[in-house]
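In what follows, a single structure is set out as structure tokens and then discussed.
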Amino acid sequence: MELNLVLNAPGAERIVGDHIGEINDMDLVLVGSNLSHGWFTHKCRSAEIKEVTIQFHKDLLDEKLLKRNQLSFIRNMFEQSKRGVLFSGDTISKIAPRLLNLSNKNGFHSMLELLSILHDLSVSKDNRMLSDSTFTNEDFNYNSRRIEKVFEYMNNNFDKLLTLSDVAKIANMPEASFSRFIKKRTGYTFVDSLSEIRLGHISRMLIDTTQSVAEIAYKCGFNNMANFNRTFKTKKGCTPKEFRENYGGKRVFI
């Protein structure tokens with residue numbers, strides 16, 4: 001896993017999974033294992049870029065230890081890191097000096113400070129996940145077998161016409177109850193969840209295949225190209241063609 005801090009780099013570009021975004025003056029992201037990522041100069045003209053990368057094994061904390069209530073926030077953050085966790089500006093302002101000073105600590109004290117930093121990050125507010133859930137091959141723990149069955153079903157049938165009624169039956173719940181349930185458990189509506197799943201698969205295919213944008217869209221359940229292009233641009237901030245070109249053309253790391 002990696003904790004990446006980038007300072008003095010306005011206009012640089014961040015790629016995490018299938019997320020592409022331009023950063024402000026400072027950036028702090030926790031990246032889970034096996035998640036593709038990179039920071040690129042892009043529009044940044046600063047000569048004083050500073051980057052701190054802290055790498056640690058995902059087993060830094062034993063699984064049994066992580067299951068303790070005292071570490072529940074860190075456990076949840078590690079789960080979210082499979083998609084990349086972007087921290088807020090307020091959090092970065094508080095944590096950056098400690099990350100910059102971490103190299104001045106040794107042995108046991110450096111480990112204690114890292115754990116303290118991870119805890120403070122795990123309880124910080126206004127964080128957001130960057131990559132779509134289906135872009136990686138990781139399994140996600142929603143702390144609900146019912147939700148996991150629903151997402152398994154949607155992942156296996158995302159290329160078909162799926163309705164709220166279909167998915168509610170998988171959860172064995174009335175439609176209205178299921179709508180509230182999935183929103184409470186995941187933070188997304190059924191429509192948003194299905195769209196995210198489809199866009200994750202689409203992003204992967206745009207990167208890994210040479211199929212046309214239209215072919216990929218239809219294979220992933222979008223039958224209306226205007227709606228597809230609008231949805232993709234709203235979520236990704238660029239068109240599918242631009243996404244493919246941007247992702248494939250990056251070479252210079254900060």
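The values are calculated or read from the model by the stated rules, or taken from the named source; none is laboratory data. Since this is a predicted model, take the numbers as computed values, not measurements. Please note: Cβ atoms are built from the backbone with ideal geometry, for glycine as well, and neighbour counts cover all protein chains shown.
Miscellaneous remarks
- Of the residues Arg204, Arg251, the single one that is outside any helix (DSSP H, G or I) and at pLDDT below 90 is Arg251.
- Restricted to segment 187-225, and to residues there that are β-branched (Val, Ile, Thr) and under 30 Å from Ala168 (Cβ atoms), the residue that is farthest from the chain's Cα centre (by Cα) is Ile216.
- Screening Glu152 on (1) of a type in the set (Asp, Glu); (2) at pLDDT below 90; (3) touching a Lys or Arg at 6+ places or on another chain (Cβ under 7 Å) shows it passes everything except condition (3).
- Test: Arg204 is in contact with a Ser or Thr (Cβ under 9 Å, 6 or more places away or on another chain) and among the charged types (D, E, K, R): yes
- Screening segment 155-186 for residues that are within 20 Å of the chain's Cα centre (by Cα) and either of a type in the set (S, T, N, Q) or not in a helix (DSSP H, G or I) (or both) and picking the one that is modelled with the lowest pLDDT gives Thr186.
- Strands (runs of 3 or more DSSP E) contained entirely in segment 1-118, each with at least 3 residues that are of a type in the set (A, V, I, L, M) and closer than 22 Å to Thr186 by Cα: 26-31
- For the condition under 17 Å from the mean Cα position of the chain (by Cα), farther than 17 Å from Arg83 by Cβ, assigned to a helix (DSSP H, G or I) and modelled with pLDDT of 90 or more, Phe228 does not qualify.
- Among residues of segment 194-223 that are free of Cβ contacts under 8 Å to residues at least 40 places away in the same chain and surrounded by fewer than 20 Cβ atoms within 10 Å (Cβ to Cβ), those with a beta-carbon under 8 Å from a residue that is outside any helix (DSSP H, G or I) and among the hydrophobic types (A, V, I, L, M, F, W, C) at least six positions away or on a different chain give the pairs Met205/Cys220.
- Which numbered condition Leu121 fails, given (1) surrounded by 16 or more Cβ atoms within 10 Å (Cβ to Cβ); (2) not assigned by TED's automatic domain parsing to the domain that holds Arg14: (2)
- Total residues in segment 1-33, condition out of contact with any helix residue (DSSP H, G or I) (no Cβ under 7 Å at 6 or more places or on another chain), over 21 Å from Phe243 (Cα atoms) and surrounded by fewer than 18 Cβ atoms within 10 Å (Cβ to Cβ): 4
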